[in-house]
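Below is one structure, written out as structure tokens, with a few remarks after it.
The values are calculated or read from the model by the stated rules, or taken from the named source; none is laboratory data. Bear in mind the structure is a predicted one, so any value in this text is a computation, not a measurement. Note that we place each Cβ from the backbone using ideal geometry, even for glycine, and neighbour counts take in every protein chain shown. These accessible areas exclude ligands, DNA and RNA; they are computed on the full protein's heavy atoms, side chains included. Shrake-Rupley method; radii C 1.70, N 1.55, O 1.52, S 1.80 Å.
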Amino acid sequence: MNELIIPYLLTVVFVSFVINLVIALYGIFARPTLVKKIIALTIFSDSLNSLAIFVGYRVVSGRVPAPPVVVNYTSPQGPAQLAKVAVDPLPQALVLTAIVIGLAVTLFMVKVTMQVHRVYGTTSVRKLERIEYVNKEEKSEGVVE
Amino acid sequence: MIDLIAALLMAVAAVTSIVFTYLAVVEKNLVQAVVFSAVQSTMYALIYFLLMAPDIVLVYLPVGVGIYPAIVLLLIKKTDKVDE
Amino acid sequence: MLWETVCSVVGLILVAVGAFCDIAAAIGINRFPNFFVRLHAATVGAIGGAVVPTFGAGLIALGSPELGNYRFFVAGVSFTTGLMIMILGQAGAHALARATLKAKAAPLEPCVHNALREREEVRGE
Amino acid sequence: MSLALSCLIPLYIVAIVLYAVRVLKGPTVSDRVLAVDALGFDLAAFLTILSVLFRAPIMVTTALVLALWIYALDIYVAKYLESKEMGD
């Protein structure tokens, strides 16, 4: 019974991560405002990190797997017992770095968006295209004159 | 029994996160989109907890619930408030 | 062990009370008419639905000997979390209500049940 | 003990889903933030119960972090609504 239901539920989780990825990509490409693009980009990176952690999960029958932290220091076979039931610690160590780097990239994009709003007065990409086009026209005419 | 409960909770949190991701992407008012994004972060924290990654939860909760909404609210206050 | 059994049973009762308060607060926050009435349901959910089961979980951990020495760790963290929620839930709800009232972000309507007017309206129709 | 705790788990799931429904349909920002607040505190209690149920004593610290940062989100939005000035 459990051997049938648990893989089905884990498949639901995997497919939902992929659907989140697709919705966030739609938000990055189709929404005009830069703020909305930043929100969608954070959701995108979080879904990707979740996929990376999901790869390291494993099913242990009858109980949940242990977190990869050594709790039993006293007996010498404690780490060996942990290795039989623990999840994979390597994706977690990688994702830990990726989250912090994502935070730094988001802070940089927030600063750039503030500068764009200060210079051009808008953050909508469709208006920004038009403004930049007009400015280029005027500058080229000024150079010719 | 307990592993079934963990998988069931994970599936519920994943489906809820789909709903809130969709709402955060299509919402016009940006402050409400930030709140939806915070709910999605909370659901992802629950999924990380059930995937047995306590250190990821300890890092992801301050970043996803605390710092992202703070800096995006600061950005919204300095720039536009409505999409389009 | 007598006191371990007592701790476990009391903790289980607290967790059950917390589940009941949680359901009540969730129904209330869906059924109440406006924001300032929903504050009541939210604080019921914070105190009855979060502080009480956290203390209950700490007591259960204190009474379960298979955790070894870590049961005191779990109990201490649980009690600290309960105290934090007991302080922070009310502070956050009050700050949010004050900001909403000052910024006029939600409509301020008194929630009055006037049975006589309802009966007259029904009779008038 | 474990069986009794397992029977109480669906009540918490139903409560969390009902809070999520209010977040989904709340008309103003304040309603949504209030529902997120209640959802976060209940989720913190739920994480404590789950770590007792799973017999993983390391996992209990996440509940404390969740409670503290949900309060921080609350204060950010309140400050944004009140004085429209963030960060000072």
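In chain C, the DSSP-assigned H stretches of four residues or longer account for a calculated mean residue ellipticity at 222 nm of -26500 deg cm²/dmol, using -39500 (n - 2.57) per stretch and the full residue count as denominator.
Mean silhouette area of region D:2-86, derived from the convex hull of its C-alpha atoms and averaged over all directions, reads 6.1 nm². Over the residues of chain A, the helix contribution to mean residue ellipticity at 222 nm works out to -26500 deg cm²/dmol, using -39500 (n - 2.57) for each DSSP H run of at least 4.
If you roll a 1.4 Å probe over chain B with all protein chains in place, what percent of the accessible area is carbon or sulfur?
Carbon plus sulfur share of accessible area: 71 percent.
For region C:41-120 versus region D:1-47, the inter-centroid distance based on Cα atoms is 11 Å.
Calculated translational diffusion coefficient of region C:19-93 (4 °C, 1.567 mPa s; Stokes-Einstein with Kirkwood radius over alpha-carbon pairs) equals 97 µm²/s.
Farthest towards the positive end of the charge dipole of chain A, among the residues A:Leu96, A:Pro32, A:Ala86, is the Cα of A:Ala86, using unit charges on the Cβ of Lys, Arg, Asp and Glu.
Residues of region A:82-100 that bury at least 30 Å² of accessible area once all protein chains are present, compared with their chain alone (1.4 Å probe, heavy atoms only, ligands and nucleic acids left out), are A:Gln92, A:Leu96, A:Ile99. Taken across both chains, chains D and C shield about 4100 Å² of accessible surface from a 1.4 Å probe.
Measuring spread by the Cα atoms of region A:41-110 yields a radius of gyration and Dmax of 15.9, 51 Å. Report, in listed order, any pair from B:Lys28/D:Lys25; A:Lys127/D:Lys25; A:Lys111/C:Lys104; C:Lys104/D:Lys25 with a Cα-Cα distance greater than 24 Å. Beyond 24 Å: A:Lys127/D:Lys25; A:Lys111/C:Lys104. Here region D:2-86 exposes an accessible surface that is 72 percent carbon and sulfur, computed with a 1.4 Å probe and the other protein chains kept in place.
Note the angle between two axes, namely the Cα long axis of helix A:125-144 and the longest principal axis of the Cα atoms of chain A, as a number of degrees from 0 to 90, rounded to the nearest 10. Once rounded, one gets 40 degrees. What angle, in degrees between 0 and 90 and rounded to the nearest 10, separates the Cα long axis of helix D:29-53 from the longest principal axis of the Cα atoms of chain D? With rounding to tens, the tilt is 20 degrees. Computed log10 I(q)/I(0) for region A:2-142 at 0.16 Å⁻¹: -0.97, from the Debye equation with unit scatterers placed on every C-alpha and solvent omitted.
Rolling a 1.4 Å probe over the protein heavy atoms gives the protein assembly as shown an accessible area of 46 Å² per residue. For peptide A:106-113, the mean count of partner chain Cβ atoms within 10 Å of a residue's Cβ comes to 3.
For peptide A:8-16, the mean count of partner chain Cβ atoms within 10 Å of a residue's Cβ comes to 5.
Relative to the longest principal axis of the Cα atoms of chain A, the long axis of helix A:34-55 lies at roughly 20 degrees.
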